[in-house]
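One structure below.
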Amino acid sequence: METGAHAREVRRIMRAVRLTMALRRKLKAPVLSAFLNFALAPGSEAHSRLLSYLPKEDEHEMEVDTASSGAPAPAKHPLPELEIYCYLLVLIFLIDKKRYNEAKACSSASIARLKNMNRRTVDVLAARLYFYYSLCYELTGDLAEIRGNLLALHRIATLRHDELGQFDLFCLKKCCSEKHDMNSGMEFFCQGHFCRYLFYLGKIRTIQLEYTDAKESLLQAARKAPVAALGFRVQCNKWAIIVRLLLGEIPERTVFMQKGMEKALRPYFELTNAVRIGDLELFKSVAEKFSSTFSSDRTNNLIVRLRHNVIRTGLRNISISYSRISLADVAKKLRLDSANPVADAESIVSKAIRDGAIDATVDHANGWMVSKETGDIYSTNEPQLAFNSRIAFCLNMHNEAVRALRFPPNSHKEKESAEKRRERQQQEQELAKHIAEEDDDEF
């Protein structure tokens with residue numbers, strides 16, 4: 001941390017933060033107390049404030065560890081990076097111990113201290129503090145209280161050209177998809193936060209009925225998430241399964257058999273099976289059986305939307321199986337439990353025909369649904385559309401891989417300047433040669 005601060009190398013600060021995240025499970029009050037005594041001047045405002053947030057029951061143990069440690073005397077004027085780093089360590093410790101009230105006070109104090117600093121080496125630490133600042137208020141349900149502060153911090157980060165801070169405050173997609181300044185350290189911080197951004201974006205688009213975009217965001221979040229983040233990947237897969245069902249797709253069986261996810265995705269596997277068969281009774285029983293699971297996952301409202309898809313799937317199966325069937329039999333097979341099932345079946349069939357879900361006609365006079373002969377699917381555009389979607393997916397993945405490549409900073413400018421320098425030297429040589437030839441001719 002000190003080397004990065006003196007040399008103004010952000011990558012060293014970023015490396016220290018990365019190592020801290022790997023050691024956060026080993027953070028304990030005695031260790032933190034000893035570190036605060038080492039890094040901060042005893043009696044200073046930051047030292048006294050941070051020590052007050054640590055648990056009091058470990059005070060005796062902390063004194064013993066501090067006294068027994070052979071650490072050198074702390075500097076009288078610690079670096080701002082070290083002070084902010086101490087705030088970050090204590091804040092992470094308090095959140096992990098679920099001491100949210102102390103975490104809110106600590107995060108507010110750190111944000112107040114950050115407003116007086118304008119150093120590029122602090123931006124990496126400030127980005128993490130912004131994240132935990134909003135997290136501790138979100139965990140206590142008080143996020144609305146600091147919305148104005150977050151907007152003000154975003155404005156300050158924008159004025160200071162702090163791209164990391166802007167990303168943590170607003171999760172701007174352009175920071176990752178367009179700029180990709182990997183050498184500035186944004187790649188490390190964008191990876192985790194961008195996954196969360198994609199997940200929440202997918203949930204918002206799902207609620208707004210934008211299922212295609214929601215599916216892309218959720219699958220991308222699940223694919224980019226770290227392997228260790230099993231719980232996050234499970235949530236992404238749950239929402240992606242529901243969205244795919246709402247789009248009329250049936251997820252592959254391998255989705256439910258991913259390592260460590262079989263038990264968590266079991267309710268969604270049975271739900272998918274009910275939708276695939278088109279059995280409305282089975283769908284209702286599964287929804288009732290796992291209602292508590294769906295409520296905790298907050299997918300109840302989406303599962304209610306699936307009822308229409310179950311009916312449409314069952315109707316499609318009936319249309320394929322029967323060339324002609326009465327609307328009363330359609331209502332029985334779909335197990336419609338309304339007051340007038342025949343009229344409801346007629347309405348459902350008419351709407352499915354209008355939307356292109358089935359290729360059939362309705363004989364209103366005789367009360368029949370007459371299915372048309374199934375043609376060769378390879379004579380339609382469906383194979384072309386399937387190949388087009390696969391090609392688009394591969395091209396998109398290739399473009400993301402190219403954008404994620406690491407390049408030396410301003411390498412293209414250096415290349416252009418070298419070419420211009422070489423061209424200028426060549427022009428000067430030609431001009432000197434031309435002048436020499438003219439002098440020879442005159443002589």
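The values are calculated or read from the model by the stated rules, or taken from the named source; none is laboratory data. Predicted, not measured: the structure shown is a model, and the values here were computed from it. Please note: Cβ atoms are built from the backbone with ideal geometry, for glycine as well, and neighbour counts cover all protein chains shown. For the accessible areas, the whole protein counts, side chains as well, though only heavy atoms, and no ligand, DNA or RNA atoms are used. Shrake-Rupley method; radii C 1.70, N 1.55, O 1.52, S 1.80 Å.
Points to keep in mind about this one:
- Hits in region 213-232 - residues which are in a helix (DSSP H, G or I) and open to solvent by less than 40 Å² (accessible area, probe 1.4 Å): ALA214, SER217, LEU218, GLN220, ALA221, ALA222
Quick grid of which residues meet (1) in a helix (DSSP H, G or I); (2) touching a Gly at 6+ places or on another chain (Cβ under 8 Å); (3) surrounded by 17 or more Cβ atoms within 10 Å (Cβ to Cβ); (4) touching a residue at least 24 places away in the same chain (Cβ under 8 Å):
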| position | (1), (2), (3), (4) |
| --- | --- |
| LEU88 | yes, no, yes, yes |
| LEU94 | yes, no, yes, yes |
| MET117 | no, no, no, yes |
| TYR130 | yes, yes, yes, yes |
| ILE146 | yes, no, yes, no |
| HIS154 | yes, yes, yes, no |
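- Residue count for region 77-95, restricted to those that are more than 24 Å from VAL10 (Cα to Cα) and at pLDDT below 85: 0
- Here is the figure for region 248-281: residues that are hydroxyl-bearing (Ser, Thr, Tyr) and surrounded by 13 or more Cβ atoms within 10 Å (Cβ to Cβ) total 2.
- Put simply, of GLU262, GLU249 the only residue that is without any contact (Cβ under 8 Å) to a residue 12 or more places away in the chain, within 19 Å of LEU219 (Cβ to Cβ) and in a loop (DSSP other than H, G, I, E, B) is GLU249.
- Looking only at residues in region 5-43 that are among the β-branched types (Val, Ile, Thr) and in contact with an Asp or Glu (Cβ under 9 Å, 6 or more places away or on another chain), the one that is farthest from LEU89 (Cα to Cα) is VAL10.
- Looking at LYS332, LYS351, LYS372, just one residue is out of contact with any His (no Cβ under 9 Å at 6 or more places or on another chain), open to solvent by 90 Å² or more (accessible area, probe 1.4 Å) and within 28 Å of GLU270 (Cα to Cα), and that residue is LYS332.
- Screening THR380, THR299 for residues that are under 26 Å from LYS238 (Cβ atoms) and polar (S, T, N, Q) leaves exactly one candidate, THR299.
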